[in-house]
There are 2 protein chains.
Amino acid sequence: MKSKTILLGHGSGGRLSHELITSIFVRHFGNPILNQQGDAAVFAIEQGALAFTTDSYVVDPIFFPGADIGKLAVAGTVNDLSVSGAQPLYLSAGFIIEEGLEVALLEKVVESMATEAKKAGIYIVTGDTKVVDRGKCDKLFINTAGVGMVKPGYEQLQSGKFIQPGDKIIINGAIGDHGMAVMSARNQLNIQSQLQSDCASLNGLINELDQHREHIHFMRDATRGGLGTVLAELCDKRPFGVNIEEEAIPVHEGVRGMCELLGFDPLYVANEGKVVLVVGAAATDQIVDIMRMHPLGKEAFVIGEISQDHPGKCWLQTAIGGNRIVDMLAGEQLPRIC
Amino acid sequence: MKSKTILLGHGSGGRLSHELITSIFVRHFGNPILNQQGDAAVFAIEQGALAFTTDSYVVDPIFFPGADIGKLAVAGTVNDLSVSGAQPLYLSAGFIIEEGLEVALLEKVVESMATEAKKAGIYIVTGDTKVVDRGKCDKLFINTAGVGMVKPGYEQLQSGKFIQPGDKIIINGAIGDHGMAVMSARNQLNIQSQLQSDCASLNGLINELDQHREHIHFMRDATRGGLGTVLAELCDKRPFGVNIEEEAIPVHEGVRGMCELLGFDPLYVANEGKVVLVVGAAATDQIVDIMRMHPLGKEAFVIGEISQDHPGKCWLQTAIGGNRIVDMLAGEQLPRIC
């Protein structure tokens with residue numbers, strides 16, 4: 001790249017755009033489909049059910065302990081496909097860049113995306129770059145869309161129609177790490193901590209459970225809105241309720257401390273590497289065992305169950321023995337967390 | 001919607017997000033696939049070649065004569081699929097919204113997207129909303145990604161390998177309307193004009209040409225960078241050149257006048273409803289005739305041809321008889337034009 005900062009011309013569609021695409025994007029993401037550089041990526045696909053999803057990432061700051069906006073943009077979309085029962089295959093990447101961003105920073109983010117894509121076993125096959133004038137966006141926003149093939153037996157997974165009273169609810173590890181890691185990186189707070197975002201692609205962990213797919217009744221990743229919102233949504237307007245035990249929910253000490261300090265409820269703090277599973281009671285132990293053998297499931301726990309009582313409501317049994325309703329996040333705890 | 005403006009909480013993933021999704025997005029885009037509201041849209045697909053593309057839209061202002069950011073976000077992605085030889089099927093929509101945007105404005109954009117989606121015969125099946133604090137983006141950015149099935153016979157279209165000397169180059173109408181319409185809408189210029197953006201979904205027009213698909217050797221839509229950049233790219237590093245006649249290129253009077261006034265070259269001004277076709281010489285007249293019968297091809301013209309001479313270069317024969325090389329746009333004429 002001739003320029004050390006991003007210029008408006010890098011979004012022109014002309015010669016500077018070509019330079020940026022060739023020397024940064026294609027160099028790091030390069031694969032036979034992307035390298036065609038057509039108006040659309042074209043690839044062969046088998047007959048079946050296709051899963052298609054999108055997310056924009058506006059996290060502030062763009063680098064934080066454990067991850068960055070690039071890793072997040074890959075893992076987040078991989079996870080949306082994975083919890084839909086799909087094998088993630090191809091991603092698009094759309095960049096909105098603020099004029100003046102250092103090219104070296106952009107490249108660091110792009111490298112991070114390429115590394116995570118490789119780890120997740122997917123390809124970034126098409127993209128787009130827009131540059132907006134200084135002050136009209138905040139450094140860098142990334143949109144990724146993803147396509148994947150739904151694995152046989154998972155076609156109806158998202159409908160939730162297999163969920164039934166007695167099913168157990170499992171999470172693959174501690175909650176709140178991502179949200180608190182991003183918070184700790186915001187300069188104005190000046191907080192010292194060892195917190196790391198849990199940002200990770202979950203398709204590998206979820207694939208390990210395929211042998212038990214007939215017992216997996218529902219999956220969702222607990223991102224914005226946190227575990228609490230996922231649990232509230234799970235039974236919202238449904239003929240069953242959810243019972244959760246507060247003490248069973250893993251929370252790292254650092255997250256608990258920081259939440260207390262800042263007045264946050266870990267239940268509503270964002271995660272970027274946590275999947276909530278609803279599974280048939282009989283297979284619960286086997287599924288937890290498999291999860292714990294995977295690096296991303298070492299802290300897997302059964303945190304509650306589906307109940308015939310209080311349909312539509314999620315009840316949390318607190319550590320001191322009381323009960324409270326877990327509702328969806330009402331306002332906004334932490335803007336720009338992903 | 002209870003609030004008349006967008007709040008940070010509308011991007012929280014919690015209750016306010018649900019309200020926004022239900023009362024604006026699902027209400028206007030609603031279709032059986034979107035209505036499932038899973039982490040990913042899931043739909044059946046036939047075996048074949050899938051086309052997958054993405055674009056972010058950051059046009060300023062978000063409303064301009066003839067279109068708006070919403071119509072643009074649908075038509076632009078539909079067109080990228082169409083010129084790849086694909087039948088556009090499904091779109092994702094990712095919104096990045098500035099805190100404080102009027103809900104009524106957002107809804108007007110969403111309505112416009114729904115109208116254009118219906119016109120193009122495609123469905124918006126999945127989406128995402130992020131809200132950033134005031135001053136951290138400019139009102140509204142939209143990303144759309146799209147998937148479509150490549151029509152039989154078009155699998156290799158984008159490679160350009162069918163292009164050969166003697167082929168004719170056709171455009172479906174006048175250039176520069178979009179760029180100049182957006183410019184005229186920028187308040188600071190205070191220009192009065194009757195210009196309208198040419199923003200339109202081209203899949204209908206392109207489908208009309210399917211009976212001649214063996215004669216269609218290449219297609220590309222001339223957006224950012226304009227017709228000039230498409231022509232320069234067409235022969236860049238290829239064993240053939242391009243000859244263009246300036247007088248054959250349709251340019252509306254208003255665009256010509258405004259370009260002269262502002263010092264722009266219409267060749268590099270953005271279009272959002274223009275396709276450049278490279279076709280076998282023998283079928284040229286028939287293809288132009290079919291195009292002219294379609295509302296979006298009434299001003300179709302043959303503007304030049306593929307040449308054995310000057311490989312890698314595009315030569316423009318000017319109206320006064322001279323020749324000049326048409327290169328890719330070097331810098332940036334008009335930032336945030338799409």
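Read-outs: derived from the displayed coordinates by stated rules, not from any lab. All of these numbers come straight from a predicted model, not from anything done at the bench. As a convention, Cβ positions derive from the backbone with ideal geometry for all residues, glycine included, and neighbour counts pool all protein chains shown.
Below, the figures for the structure above:
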| item | result |
| --- | --- |
| Charge dipole (debye, nearest 20) of chain A; +1 at Cβ of Lys and Arg, -1 at Cβ of Asp and Glu | 680 |
| In Hz, Karplus ³J(HN,Hα) per residue of region B:170-186 (6.51, -1.76, 1.60; θ = phi - 60°; x = Gly, Pro) | 10, 10, 7, x, 6, 9, x, 4, 4, x, 6, 5, 5, 4, 5, 8, 6 |
| About the Cα centre, charge dipole magnitude for the protein assembly as shown (Lys/Arg +1, Asp/Glu -1 at Cβ), debye | 280 |
| For A:PRO152, label point 7 Å along C-beta direction: distances to other copies, nm | 2.6 |
| For B:ILE303, residues with placed amide H under 5 Å, excluding near neighbours | B:ILE169, B:ILE170, B:ILE171 |
| Built amide H within the under 5 Å cut-off of A:LYS151, gap 5+ | A:ALA86, A:GLN87 |
| Using alpha-carbon coordinates, inclination of helix A:103-120 to the longest axis of chain A, degrees | 50 |
| Shape metrics for the protein assembly as shown, restricted to C-alpha atoms - Rg then Dmax, Å | 25.7, 90 |
| Loop trypsin sites (Lys or Arg not before Pro), region B:1-70 (other Cβ atoms within 10 Å of the site Cβ: 16 or fewer; DSSP) | B:LYS2, B:LYS4 |
| Charge-dipole axis of chain B as Lys and Arg at +1 and Asp and Glu at -1 on Cβ define it, positive-most pick from B:ALA330, B:VAL242, B:GLN194 | B:GLN194 |
| 10 Å Cβ neighbours from other chains, averaged over peptide B:54-67 | 4 |
| Helix-only mean residue ellipticity at 222 nm for chain B, each DSSP H run of n ≥ 4 adding -39500 (n - 2.57), per residue, nearest 500 | -7500 deg cm²/dmol |
| Cα gyration tensor of region A:198-269 - equivalent ellipsoid semi-axes, whole Å, descending | 25, 18, 11 |
| Long-range amide H partners of A:LYS139 with built H, under 5 Å | A:GLU98 |
| Cα-based Rg and Dmax for region B:268-338, where Dmax is the largest Cα-Cα distance (Å) | 15.1, 40 |
| Cα-centre dipole for region B:39-150 with unit charges at Cβ (Lys and Arg positive, Asp and Glu negative), debye to 20 | 200 |
| Per-residue ³J(HN,Hα) for region A:79-91, Karplus 6.51 cos²θ - 1.76 cosθ + 1.60, θ = phi - 60°, Hz, x for Gly and Pro | 5, 4, 5, 4, 6, 7, x, 9, 8, x, 10, 10, 10 |
| In Hz, Karplus ³J(HN,Hα) per residue of region B:303-319 (6.51, -1.76, 1.60; θ = phi - 60°; x = Gly, Pro) | 10, x, 8, 7, 10, 6, 6, 5, x, x, 10, 10, 9, 10, 8, 6, 4 |
| For A:GLY135, inter-copy label distances in nm, listed shortest first [label point 7 Å out on the Cα-Cβ vector] | 1.0 |
| Cα pair distances of region B:67-219 binned at 5 Å [whole percent] | 2, 8, 15, 17, 17, 15, 11, 7, 5, 2, 1, 0 |
| Antiparallel DSSP beta bridges within chain A, percent to nearest 5 | 75 |
| Alpha-carbon Rg with Dmax, taken over region B:204-338, Å | 15.0, 43 |
| Per-residue Cβ neighbour rank within 10 angstrom, fewest leading, A:THR54, A:THR318 | A:THR318, A:THR54 |
| Three-way shape label, chain B, alpha-carbon gyration tensor, a/c 1.5 | oblate |
| Position B:LYS4, label points 7 Å along Cα→Cβ, spacing to each other copy in nm (shortest first, one decimal) | 4.9 |
| Diffusion constant of region B:39-150 at 25 °C, which comes from Stokes-Einstein with the Kirkwood Cα-pair radius and 0.890 mPa s, µm²/s | 170 |
| Quotient of C-alpha Rg and 2.2 N^0.38 Å, computed over region B:1-90 | 1.32 |
| Degrees, to the nearest 10: A:253-262 long Cα axis against longest axis of chain A | 80 |
| Alpha-carbon Debye profile of region A:100-150, log10 I(q)/I(0) at 0.25, 0.26, 0.27, 0.28 Å⁻¹ | -1.13, -1.18, -1.22, -1.26 |
